[in-house]
Amino acid sequence: MKTTLFRQHGGPEVLEYTDFPTPEPEPGEALVRLKAAALNRMDVMVRNGWPGLKLELPHINGADGAGEVISINASLLRSGEGSGVRAGDHVVINANLGCGECEFCLNRQDNLCRNWHLLGETVRGTYAEYVALPLRQLYKLPADFDFHHASAAALVYQTAWHSMVKRGGVKAGETVAIVGAGGGVNSASIQIGKYLGARVVVIGSKAEKLKLAESLGADILIDRSKMEDWSRAVYLATDKRGVDVIVDNVGTTFPLSLRALRKGGRLLTVGNSGGPKFEIDNRFVFAKHLSIIGSTMSTLADFDEVMDLVIAGKLRPVMDRTFPLKEAAAAQERLWHGENFGKITLDIP
Ligand SMILES: [Zn+2]
């Protein structure tokens with residue numbers, strides 16, 4: 001099969017468009033012919049590598065993908081299992097790989113799996129013509145649904161949905177602030193906040209990205225490039241009450257986020273684009289009764305829930321540009337340097 005892989009960690013120059021053996025589906029797995037893959041910042045981090053990252057080289061990037069089921073290895077499948085997906089079906093992939101057997105997977109909390117993997121991180125991913133995955137990782141798409149939209153939605157919407165709905169319990173009438181106007185998870189969070197009936201405040205630093213946030217339904221825009229302490233602007237915008245929930249996937253902004261919350265408020269986090277280590281003032285946490293709530297990816301059931309809303313058009317991924325698979329390096333550069341507005345996808349011929 002054709003793929004863009006890397007044989008050693010490094011910059012975009014290590015990506016190579018080449019031939020690689022097509023994977024063989026194990027019992028209970030489907031072979032999917034991919035038509036589209038979507039990029040995430042994680043792809044570049046995996047390509048660069050980090051101390052302790054263990055993966056079998058050559059490695060193939062990519063958590064998100066959509067395509068057509070070519071065949072199913074049905075041996076060992078119990079009757080009824082995986083019956084929702086057949087050869088010829090169009091599918092989008094759920095990259096959250098639980099083992100299916102541990103106490104958490106059996107309790108339908110597969111994103112807490114004891115042997116958890118993320119497709120494209122420690123397992124070869126979707127920058128390829130084919131991928132083989134357990135049937136439970138596949139969501140069946142309507143035949144006319146665009147593969148690029150589906151692949152662009154999968155990871156970011158499941159992540160934002162699990163964090164805001166299942167972990168954060170965001171309710172209609174609440175005010176939710178989102179730190180950062182760009183990025184796939186933040187765009188998804190704005191839409192999910194509006195879908196849930198919340199008032200959405202977006203804190204950003206680039207006029208174009210704030211404009212995009214507004215077009216997605218954000219009610220209040222705060223341009224942090226024009227002020228020293230944006231938490232004060234959030235405070236004033238809520239009649240000196242503070243917001244109920246703040247979505248902070250930057251990390252280094254936690255001190256300001258804790259200030260911007262009302263008493264009893266919740267800080268939701270699924271990442272740390274500003275780096276993993278920073279200081280917070282613990283007095284804000286106990287004296288204001290705050291909760292800091294972490295989350296990663298989603299469960300299989302949450303994935304189905306949020307993809308149903310994407311298919312119904314109630315949540316729409318913001319699309320940037322599409323590159324051919326062989327130009328994955330240029331696509332990653334565009335993403336890494338923040339030149340995109342929305343999701344970048346790869347077209348797989
Ligand atoms: Zn498990």
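The values are calculated or read from the model by the stated rules, or taken from the named source; none is laboratory data. All values derive from a computational prediction rather than experimental measurement. Note: ideal-geometry Cβ built from the backbone for every residue, glycine included; neighbour counts use all protein chains shown. Please note that ligands, DNA and RNA were not included when accessible areas were found on the heavy atoms of the full protein model with its side chains. Shrake-Rupley method; radii C 1.70, N 1.55, O 1.52, S 1.80 Å.
Ranked from largest to smallest solvent-accessible area, with a 1.4 Å probe on the protein heavy atoms, THR122, THR159 come out as THR122, THR159.
SER231 exposes around 10 Å² of accessible area when a 1.4 Å probe is run over every protein chain in place. Taking the protein heavy atoms of the chain in the context of the full set of protein chains, the accessible area attributed to carbon and sulfur is 50 percent at 1.4 Å. Annotation: average projected area of region 155-231 is 4.7 square nanometres, based on the convex hull of Cα atoms across all directions. In this structure, the pairs whose alpha-carbon distance is over 22 Å, taken from LYS226/LYS314; LYS206/LYS326; LYS54/LYS166; LYS171/LYS194; LYS171/LYS343, are LYS226/LYS314; LYS206/LYS326; LYS54/LYS166; LYS171/LYS343. Within a Cβ distance under 12 Å of GLY251, other residues only, what is the Lys/Arg minus Asp/Glu net charge? Local net charge: -1. With a 1.4 Å probe rolled over the protein heavy atoms of all chains, the accessible area of LYS171, LYS277 falls in the order LYS277, LYS171, largest first. With all protein chains kept in place, the per residue accessible area of the chain amounts to 45 square angstrom at a probe of 1.4 angstrom. The residues TRP230, TRP336, sorted by heavy-atom accessible surface at 1.4 Å with ligands and nucleic acids left out, run TRP336, TRP230 from largest to smallest.
Within the full protein context, the accessible area of LYS288 is estimated at about 30 Å² for a probe radius of 1.4 Å. Averaging 1/r over each pair of different alpha-carbon atoms in region 3-52 and inverting the result gives 13.2 Å, the Kirkwood hydrodynamic radius. Each residue, GLU339 and CYS99, gets one label point 7 Å from its Cα in the Cβ direction; the gap between the two is 4.3 nm. Note on PHE145: accessible area is roughly 40 Å² with a 1.4 Å probe, heavy atoms of protein only. Backbone N atoms of region 129-155 closer than 19 Å to the 7 Å Cα→Cβ label point of MET1 belong to residues 129-141, 147-152, 154-155. Extension gain, ILE293-ASP229: 0.36 nm per intervening residue step, less the Cα-Cα distance, totals 20.7 nm. Considering only the Cα atoms of region 1-107, their convex hull presents on average a projected area of 8.4 nm². When the alpha-carbon atoms of the chain are used, the pair Rg, Dmax equals 20.3, 62 angstrom. Packing order of peptides 212-223, 11-22, highest average first: 212-223, 11-22 (average count of other Cβ atoms within 10 Å over each peptide's residues).
Once both labels are positioned 7 Å from their Cα atoms along Cα-to-Cβ, the gap between ALA143 and ASN272 label points is 4.9 nm.
Take the convex hull of the alpha carbons in region 158-294; its mean projected area over all directions comes to 7.3 nm².
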